[in-house]
Amino acid sequence: MRNVLFSAILLLFFGGLLYLAADLPFGDPLRTDMDDYFIRNAQAQTGANNVVTSIVFDFRGFDTLGEATVLFTAVLGVGMMFRKLKEGEEYEND
Amino acid sequence: MTPFLLLQALVLLGLIVTAVLIISFKDLLAAALAFAAFSLLLSLEFYLLQAPDVAIAEAGIGAGLTTAIFIIAIRGTQRHEEKN
Amino acid sequence: MKMTKIVRTTADLFFPFCLVFGLYVVVHGHLTPGGGFQGGAVMATGTALLLVARAYDDVTGRIRKGAMKVCEAAGLLIFLCAGFSGLFAGRPFMANWLAPDGALFRTSIAHGPNAGDLNTAGLLPLLNVGVGIEVLGGLTVILLYMLSGIKEEKKK
């Protein structure tokens, strides 16, 4: 009984979500000022044919620097978790 | 219905089928491989929506590395889910 | 769980092709879809294939943990140095100062669809290579750490 009720609520929720989302325009953003600017000027300003790369590495370069730092920090964390124990050192039990 | 829409509907149907397969398999290795198939179909869907950059990243990370990490973890533990 | 000979041979055959394709994606990052992160992930997938197919002791001869750590740090250093080089040229941090009139990667391109040239885009190829090396090293080091942890537990 509870499973049926739960499924009905879930179905109703996602049905309503789909019904509402069906009217949204797809691939047709409201404001296109920045898109037009990038598509018109990216090749001239960065000299790269790939506009996506010119945005990721040039116009939004700080984001990529942060992403590289996040990856570096994640690897540091994994390295600390799996490090070799020294002679006579033991895992802490609490 | 155009062939493009038909292909997209097939890929989306495959996504749902593989997603159900992932949670229904009791053999964990089979579940990991179903997850790889899910990621591959997802990257195909990204490619159909004209985002090749995201498609390459999804194919590399999702289908390749995540599956490898799962398989290494299964190798260290045990392969079959226990009945309770 | 030991892999069969078929899996091991296939992984050995695929490994160099994965590396070459990843390198292609990284180097052509400013011309074709892809870039540093995607190409590095493809290269790391090649090493992951080898790590899954073989035991840890078989792999350490071809993929060394120390070299991968150096790769990771060197990638981030290349990225930072390329970013700071803009300051010495009198432009802001991370400015693409090589693009119009630098010494390297300076060929200018026409607007609109064209065939493309590797020798373009100023600082972007350097940043691409840096991120590619970092992603390859970082992901491979994570996999190697996890695999070495499993080996220790089996020995007990």
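The values are calculated or read from the model by the stated rules, or taken from the named source; none is laboratory data. This one's a predicted model, so the numbers in the text were calculated from it and none came from an experiment. A quick note on method: Cβ atoms are made from the backbone with ideal geometry, for glycine too, and the neighbour counts reach across all protein chains shown. What goes into the accessible areas is simple: the full protein's heavy atoms, side chains included, and nothing from ligands, DNA or RNA. Shrake-Rupley method; radii C 1.70, N 1.55, O 1.52, S 1.80 Å.
For segment C:65-80, heavy-atom accessible area (probe 1.4 Å) falls by no less than 50 Å² from the chain alone to the full protein assembly at C:Glu72, C:Leu76, C:Phe79.
Give me the angle, in degrees from 0 to 90, between the Cα long axis of helix C:5-27 and the longest principal axis of the Cα atoms of chain C, rounded to the nearest 10. Around 10 degrees separate the two axes.
How high is the FRET efficiency from B:Thr77 to C:Ala67, r the C-beta distance, R0 30 Å, rounded to 0.05?
Working: r = 29 Å, r/R0 = 0.97.
For B:Thr77 and C:Ala67, the calculated efficiency is 0.55.
Relative contact order for segment B:26-78: 42 percent, from Cα pairs under 8 Å spaced at least 6 residues apart, divided by residue count.
Solvent-accessible surface of segment A:32-82, taken per residue with a 1.4 Å probe and all protein chains present: 55 Å². Counting Lys +1, Arg +1, Asp -1, Glu -1, what net charge surrounds A:Ile55 among other residues with beta carbon under 12 Å of its beta carbon? Local net charge: -3. Using only the alpha-carbon atoms, how far is helix C:124-155 inclined from the longest principal axis of chain C? Give it as 0 to 90 degrees, nearest 10. For C:124-155 against chain C, the angle is about 10 degrees.
Once the 1.4 Å probe is applied to the protein heavy atoms, segment B:26-78 comes out at 44 Å² accessible per residue. For B:Gln50 and A:Arg2, a Förster radius of 51 Å and the Cβ-Cβ distance give a FRET efficiency of 0.70, rounded to the nearest 0.05.
In chain A, which whole DSSP H runs stretch at least 27 Å along their own axis (Cα) and average 0.5 or higher on the Kyte-Doolittle scale?
Working: long enough: A:2-21 (28 Å, 1.82); A:61-81 (30 Å, 1.25).
Going by DSSP H runs, the hits are A:2-21, A:61-81.
If you stretched the chain out fully between C:Met3 and C:Ile150, how much longer would it get, using 0.36 nm times the residue separation minus the C-alpha to C-alpha distance?
Working: separation 147, 0.36 × 147 = 52.92 nm, distance 1.60 nm.
Taking 0.36 nm per residue and subtracting the Cα distance, the gain is 51.3 nm.
Excluding ligands, DNA and RNA, what is the solvent-accessible area per residue of chain C at a probe of 1.4 Å, expressed in Å²? Before the final figure, lay out the partial values.
On the way: 7660 Å² over 156 residues.
Here the per-residue accessible area is 49 Å².
Between chain B and chain C, the total buried accessible area stands at approximately 1700 Å², from heavy atoms with a 1.4 Å probe.
The simple spin-label model puts a point 7 Å past each Cα toward its Cβ; for C:Phe88 and A:Ala74 those points are separated by 3.2 nm. Helix C:36-53 and the longest principal axis of the C-alpha atoms of chain C enclose an angle of approximately 10°.
For the protein assembly as shown, the fraction of C-alpha pairs farther apart than 36 angstrom is 34 percent.
Which of the helices in chain B, when you take each full DSSP H run, stretch at least 24 Å along the axis at their Cα atoms and have an average Kyte-Doolittle score of 0.5 or higher? The qualifying helices are B:3-24, B:28-48.
Its residue count N fixes a reference of 2.2 N^0.38 Å for chain B, and the Cα radius of gyration divided by that reference is 1.25.
How charged is the neighbourhood of B:Phe38? Take every other residue with its Cβ under 12 Å from the Cβ of B:Phe38, and add Lys/Arg as +1 and Asp/Glu as -1.
On the way: positive: none; negative: B:Glu45, B:Glu58.
Spelling it out: positives minus negatives among the neighbours equals -2.
Taking the protein heavy atoms of the protein assembly as shown in the context of the full set of protein chains, the accessible area attributed to carbon and sulfur is 69 percent at 1.4 Å. The interface between chain A and chain C buries about 2700 Å² of solvent-accessible area in total (1.4 Å probe, ligands and nucleic acids excluded). Spherically averaged projected area of the convex hull of Cα atoms, segment A:32-82: 4.4 nm². Using a cutoff of 8 angstrom between alpha carbon atoms and counting only pairs six or more residues apart, the relative contact order for chain C works out to 29 percent. Separation of the alpha carbons by more than 24 angstrom is noted, of A:Lys86/C:Lys69; C:Lys5/C:Lys69; A:Lys84/B:Lys26; A:Lys84/C:Lys5, for C:Lys5/C:Lys69; A:Lys84/B:Lys26; A:Lys84/C:Lys5.
Counting Lys and Arg as +1 and Asp and Glu as -1, what is the net charge of the other residues whose Cβ lies under 14 Å from the Cβ of A:Thr73?
Working: positive: none; negative: A:Glu67, C:Glu72, C:Glu134.
Net of charged neighbours comes to -3.
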